[in-house]
Amino acid sequence: MTRFTVAIDGPAAAGKGTISKAVAAHFGFAHLDTGLLYRAVGAKVLAGGDPVAAAKSLSPDDLQGNLRTQEVAQAASRVAVLPDVRAALFEFQRDFAARDGGAVLDGRDIGTVICPDADVKLFVTASAEVRAERRYLELSEKDAKTTRADVLADVVARDKRDTERAEAPLKPAHDAVIIDTSEMSIAQAVAKAVAVINTCR
Ligand code: CDP
């Protein structure tokens with residue numbers, strides 16, 4: 001098979017990761033969680049590093065470890081406003097998208113900036129309350145100290161920063177298909193994404 005790119009964007013904790021993994025498995029595509037790149041840069045900054053230097057020197061090892069904390073998520077959204085950080089991560093994402101055999105990338109700017117010519121663009125969203133509740137259940141398995149109010153505040157603050165930034169703000173591409181998963185199960189959301197992709201193949 002040749003190139004086929006699926007761009008999946010959306011706000012914090014919308015279920016992009018779950019849907020992307022399932023879609024990649026269904027079609028046999030490779031998957032890149034681009035949020036992990038920003039989280040890895042954020043974690044390096046929390047450890048005292050410079051954001052641009054961190055982005056330029058990112059290695060596969062940096063993507064290991066527990067990057068799925070609220071502290072790292074906030075640090076990620078702070079470094080994500082920096083044009084030089086985004087520029088340093090651009091080529092890796094672009095190359096990944098162009099690989100043979102198909103690729104799914106999920107993030108905030110995949111359909112708008114990284115892959116404006118993607119074969120399929122999905123914008124996965126849900127109400128802030130539903131997203132916070134899902135993320136709370138996920139995080140509280142690992143960290144009993146997290147509260148629902150904390151998680152909602154994190155989600156709302158990141159959405160605001162991600163939407164209002166000048167560089168590659170979070171927004172649906174003009175040709176994206178919006179999937180609101182507020183009242184969908186995971187299986188329903190995945191089925192919807194697979195159906196949309198099938199219409200474009
Ligand atoms: O999993 P969740 O939706 O909570 O976040 P994530 O996808 O891991 O992304 C963490 C942060 O990285 C976001 O809040 C954005 O600020 C940033 N990000 C970005 O700016 N552009 C991307 N393509 C992906 C993530």
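The values are calculated or read from the model by the stated rules, or taken from the named source; none is laboratory data. All figures in this text were calculated on a predicted structure; none of them were measured in a lab. A quick note on method: Cβ atoms are made from the backbone with ideal geometry, for glycine too, and the neighbour counts reach across all protein chains shown. Please note that ligands, DNA and RNA were not included when accessible areas were found on the heavy atoms of the full protein model with its side chains. Shrake-Rupley method; radii C 1.70, N 1.55, O 1.52, S 1.80 Å.
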Electrostatic dipole magnitude of the chain [Cβ: Lys, Arg +1; Asp, Glu -1; Cα centre; debye, to 20] | 100
For segment 49-55, take each phi angle, set θ = phi - 60°, evaluate the Karplus expression 6.51 cos²θ - 1.76 cosθ + 1.60, and give the result in whole Hz per residue in order, putting x for glycine and proline.
-> x, 8, x, 5, 4, 5, 5
Compute the distribution of all C-alpha to C-alpha distances in segment 31-84, in bins of 10 Å from 0, and list the percent of pairs in each, rounded to whole numbers.
-> 29, 62, 9
Return one whole number: the accessible area per residue of segment 5-198 in Å², for a 1.4 Å probe.
-> 46
Along the charge dipole of segment 5-198, which of Gly28, Val79, Thr69 sits closest to the positive end, that is, farthest toward it, with unit charges on the beta carbon of Lys, Arg, Asp and Glu (+1, +1, -1, -1)?
-> Thr69
Chymotrypsin sites (Phe, Trp or Tyr not before Pro) restricted to DSSP loop in segment 56-143 with at most 11 other C-beta within 10 Å = none
Most mobile listed residue (Asp180, Asp33, Asp61) in the chain, GNM with C-alpha springs under 10 Å = Asp61
Rounded to the nearest 10 Å², what accessible area does Val81 show when all protein chains are kept and the probe is 1.4 Å?
-> 50
Accessible area, probe 1.4 Å, largest first, for residues Ile179, Ile186 = Ile186, Ile179
Ranking by accessible area, most exposed first, for Ser20, Ser57 with a 1.4 Å probe = Ser57, Ser20
Cβ-based net charge around Ile19, under 10 Å, with every Lys or Arg adding one and every Asp or Glu removing one | +2
If the chain between Arg201 and Ile186 were fully stretched, how many nm would it gain, using 0.36 nm times the residue separation less the Cα-Cα distance?
-> 3.1 nm
Lysine pairs within segment 5-198, Cα separation less than 13 Å, 8 or more sequence positions apart or different chains | 6
In the neighborhood of Arg148, defined by Cβ-to-Cβ distances under 15 Å, what is the net charge if each Lys or Arg adds +1 and each Asp or Glu adds -1?
-> -3
At what distance in nm do the modelled label points of Arg148 and Asp100 sit from each other, each positioned 7 Å from its Cα along Cα→Cβ?
-> 5.2
Quick one: net charge of Lys171's neighbours, Cβ under 10 Å, K/R +1, D/E -1?
-> -2
Give the distance, in whole Å, between the Cα centre of segment 171-200 and the Cα centre of segment 70-131.
-> 17
Added length on full extension, which subtracts the Cα-Cα distance from 0.36 nm per residue, Ser59 to Gln74 = 3.3 nm
In debye, nearest 20, what is the charge dipole magnitude of segment 32-118 about its Cα centre with +1 on Lys and Arg Cβ and -1 on Asp and Glu Cβ, if you could check?
-> 220
